[in-house]
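Nothing in this text is a laboratory measurement; each read-out follows from the coordinates by a stated rule. Because the structure is predicted, anything quoted here is derived from the model rather than measured. Neighbour counts run over all protein chains shown; Cβ positions are idealised from the backbone, glycine included.
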Amino acid sequence: MTNTKKRLFVGTFLDAQSASAVANFKSLNPDLSQKWQLKARFVPLPKLHLTWLFLGDVEQDLLENVKTDLEETIRVWKESENGSAFEISYDSLVVWSSLKSPRVLVLESTGACPPATSLNQAINIGLGNYLDKSDKMERFDRFRPHLTICRFSPDSRMKTKTRRNLDDVQTAENLFPLPHRIDTVSLIESDLKSGPNGYSSILDISLHL
C-alpha cells in the first residue's frame, strides 16, 4: 500500500492588520490580465504568507517527526540566538522572474533583517532531511523575504508580445513600508484540491520568550 504524502511548507501568515493594507489589490488592478496579456491570479488574503522553507511532498508517516524537529529547531534558535518575535518590513513591488516572462508579483523586503536570516538558516538545517528532492523542485540560492500577491500563467488566446511595466500595477497609498509581525512559525499543509483557501496550519509555534 502506497503511503499518503502531504505537501508541506514552513511559513508565517500575514497578520490581519497588515493584510487589510493589501485587501484591495485585486480591485485596484481588475484589468492587469488584459494589460500584460497573461492570466493574473491574485492570491486570496488568507493565503498571504512568508515561506521559511518549502518542503514539498512528505510521507504521512514522517509528519510527527517533522513536527518534533521543527519544535526543537525553534527552541534551539530562541536559546542560541536570543531569538524572539520580530518584524519584517516589505518595501518594494517586484516581478519574478522578469517583465518579459513574469511568474509572480511579490512584495519584497530588501533591507537586512538578521533575525529573519538566522531563523531561515536554522529551519533549513533543522528540516533539511525532509526536503523533497524531486527535479521539479526549484529553490532559491539565497533567502529573499517576500509575500506573493499575484501569480501569472500564459494564455494562448492572448498576444505573446506585449510591453509590460510595473507602472501598470496600482497599489494603495502608503502601502510601503508594510510591516509583517513574525511572532509565530507554522507548519502548513497545502492542499491543491481545496480551492483558493487550501492552506491549513498543522502546528503553530510561538516565538515569544
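Quick notes on this one:
- Extension gain, Glu72 back to Asp183 (0.36 nm per residue minus Cα-Cα distance, nm): 38.3 nm
- Over the chain: Rg over Rh, Cα atoms, Kirkwood Rh: 0.98
- Here Glu173 and Phe140 are evaluated by their C-beta separation; at R0 = 25 Å the FRET efficiency comes out at 0.20.
- Counting 0.36 nm for each residue step from Leu192 to Lys39 and taking away their Cα separation leaves a gain of 53.2 nm.
- Electrostatic dipole magnitude of the chain [Cβ: Lys, Arg +1; Asp, Glu -1; Cα centre; debye, to 20]: 1260 debye
- Mean separation of Cα pairs under 8 Å and 6 or more residues apart, divided by the residue count, gives the chain a relative contact order of 35 percent.
- GNM on the chain, alpha-carbon springs under 10 angstrom: the most fluctuating residue among Ala16, Ala40, Ala116 is Ala16.
- Evaluating 6.51 cos²θ - 1.76 cosθ + 1.60 at θ = phi - 60° for every residue in the range 120-128, the Karplus couplings come out as 4, 4, 5, 5, 4, 6, x, 10, x Hz, glycine and proline recorded as x.
- Local electrostatic count, Ser33, Cβ distance below 10 Å [Lys/Arg +1, Asp/Glu -1]: +1
- Cα gyration tensor, the range 1-95 - rounded (a/c under 1.5), prolate or oblate: oblate
- Inter-label distance, Leu93 to Ala23: 1.9 nm, where each label sits 7 Å from its Cα along the C-beta direction.
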